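I have placed the structure first, in the form of structure tokens, so that the comments after it can refer back to it.
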Amino acid sequence: GGSHREHLLSQGTKGGQQEQGSAAGPADGGVQVQPGTFWLTRIVLLRFIAFIYFVAFSVGYHQNRQLFGETGLLPGKLYLQNIRRYAGGRVGFEAFSYAPTILWFLDWSNMDAHLDNIALLGMGLSVFILLTGCANMIIMFLLWILYHSLVNIGQIWYSFGWESQLLETGFLGIFLCPVLTLRTIPRHTPPSKIVIWSFRWLIFRIMLGAGLIKIRGDRCWKDLTCMNYHYETQPVPNPIAYYMHRSPWWFHSFEVLTNHFIELIVPFFLLIGRRMCAIHGILQILFQVLLIISGNLSFLNWLTIVPNIACFDDSNLAFLFGS
């Protein structure tokens with residue numbers, strides 16, 4: 001991770017294919033991949049964001065009809081009609097600003113088909129990015145608009161924390177990319193360090209906020225007893241949770257202390273230089289993996305891994321791309 005050797009990566013071919021070679025360099029169209037550059041970081045970030053989008057749209061494809069389709073539990077058509085009535089009976093700025101969704105511009109007589117098509121288009125675009133490792137601002141903006149449209153008509157079904165977190169993460173992903181170019185390594189558009197730091201700021205807020213909420217909330221987080229019953233009260237416990245729950249009391253106290261360390265102390269590692277930033281990324285990803293193994297919070301923990309990728313520069317991630 002701390003090596004100062006340089007990897008030379010060619011500019012990449014259209015459609016996302018890339019060529020690597022020791023002979024490539026700036027003189028013949030390549031880019032230098034080294035500590036402090038984020039060409040490879042962008043590829044990993046885009047693929048991970050695309051993976052989360054694919055899961056989110058896939059879940060929507062299998063559930064949206066039943067939740068807010070034409071005959072769903074909370075029909076989206078009725079929801080839009082109520083908003084339109086509240087806005088004076090027309091689809092104008094007031095109605096659109098209350099629930100921004102492209103469904104305002106579609107025929108509501110076939111709402112189920114529209115919901116399916118939005119999900120399928122989102123899945124298709126996600127698979128393209130996942131396979132090629134490249135995207136442009138147009139594709140990322142389309143993904144964001146499509147998911148935003150579902151969230152704003154999904155009512156209580158799309159009112160959990162991970163939907164808004166995915167929208168913020170996906171919005172930052174738009175600015176990772178060139179406007180039009182579709183190359184894995186668009187050599188004329190290096191990843192913006194402002195965007196990289198925006199991802200870091202996102203994970204800083206997520207983790208520190210989670211830690212502060214616990215400290216200011218239930219007293220059990222101060223008494224180190226919360227994990228004594230966490231596993232039997234969490235949403236949809238998995239088989240591993242049973243064995244975690246039966247751990248001794250001192251282990252549960254250690255879990256709470258570890259949680260406080262990860263959420264209240266580790267985020268400040270982001271501000272102490274490149275190496276500590278990478279250590280932050282490693283610790284936070286390991287923490288999310290532990291939560292995935294011991295619980296079930298949909299794609300929230302997978303999504304929380306995404307901004308941590310921005311903690312690593314190209315020298316940290318070069319091992320993922322061969323020699």
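The values are calculated or read from the model by the stated rules, or taken from the named source; none is laboratory data. Just so you know, these numbers come straight off a predicted model, no measurement behind them. Cβ atoms come from the backbone with ideal geometry, glycine included; neighbour counts cover every protein chain shown. The protein model used for the area step is the full one, side chains on, heavy atoms only, and it has no ligands, DNA or RNA in it. Shrake-Rupley method; radii C 1.70, N 1.55, O 1.52, S 1.80 Å.
Could you order peptides 286-293, 208-215 by the average number of other Cβ atoms within 10 Å of their residues, highest first?
Numbers: 286-293: 16.2, 208-215: 14.8.
Result, highest mean first: 286-293, 208-215.
Within region 74-156, report the trypsin sites (Lys or Arg not before Pro) that DSSP leaves as loop and that have at most 12 other Cβ atoms within 10 Å. Display every interim value, and only then the final one.
On the way: sites: K77, R84, R85, R90; in loops: R90.
Loop-located and lightly packed - R90.
Taking K214 as the anchor, which aspartates and glutamates have their alpha carbon closer than 16 Å to its alpha carbon, excluding any fewer than eight residues away along the same chain?
Leaving aside aspartates and glutamates fewer than 8 places away in the same chain, those within reach of K214 are D223, E255, E263.
Kindly report, to the nearest 10 Å², the accessible surface of F57 as traced by a 1.4 Å probe over protein heavy atoms only.
0 Å²
For I194 and Q32, compute 0.36 nm times the residue count separating them, minus their Cα-Cα distance, and round to one decimal in nm.
On the way: separation 162, 0.36 × 162 = 58.32 nm, distance 1.97 nm.
Computed gain between I194 and Q32 is 56.4 nm.
Going through the DSSP H helices of the chain, which span 27 Å or more along their own axis at the Cα atoms while scoring at least 0.0 as a mean Kyte-Doolittle hydropathy? Mind dumping the intermediate values first?
Details: long enough: 39-68 (42 Å, 0.88); 111-132 (32 Å, 1.37); 193-216 (34 Å, 1.13); 274-294 (30 Å, 1.45).
Helices meeting the span and hydropathy rule in the chain are 39-68, 111-132, 193-216, 274-294.
Mind giving me the nanometre distance, one decimal, between the label points for F105 and W250, set 7 Å out from Cα along Cα→Cβ?
6.4 nm
Order of 133-141, 91-99, 232-240 by packing, highest average Cβ count within 10 Å first? Write down the numbers at each step before the final one.
Working: 133-141: 21.3, 91-99: 13.8, 232-240: 11.6.
Ranking, from highest mean packing down: 133-141, 91-99, 232-240.
For every other residue with a beta carbon closer than 14 angstrom to the beta carbon of N110, add +1 if it is Lys or Arg and -1 if Asp or Glu, then tell me the sum. Walk me through the numbers on the way to the answer.
Working: positive: R65, K77; negative: E70, D107, D112, D116.
In short, -2.
For L264 and L286 in the same chain, what is the full-extension length gain: residue separation times 0.36 nm, less their Cα-Cα distance, in nm? Can you show the working numbers first?
Values: separation 22, 0.36 × 22 = 7.92 nm, distance 1.58 nm.
Full extension of this stretch gives 6.3 nm more.
Given a cut-off of under 8 Å on Cα pairs at least six residues apart, what relative contact order in percent is computed for the chain?
Averaging sequence separation for qualifying contacts and normalising by length gives 24 percent for the chain.
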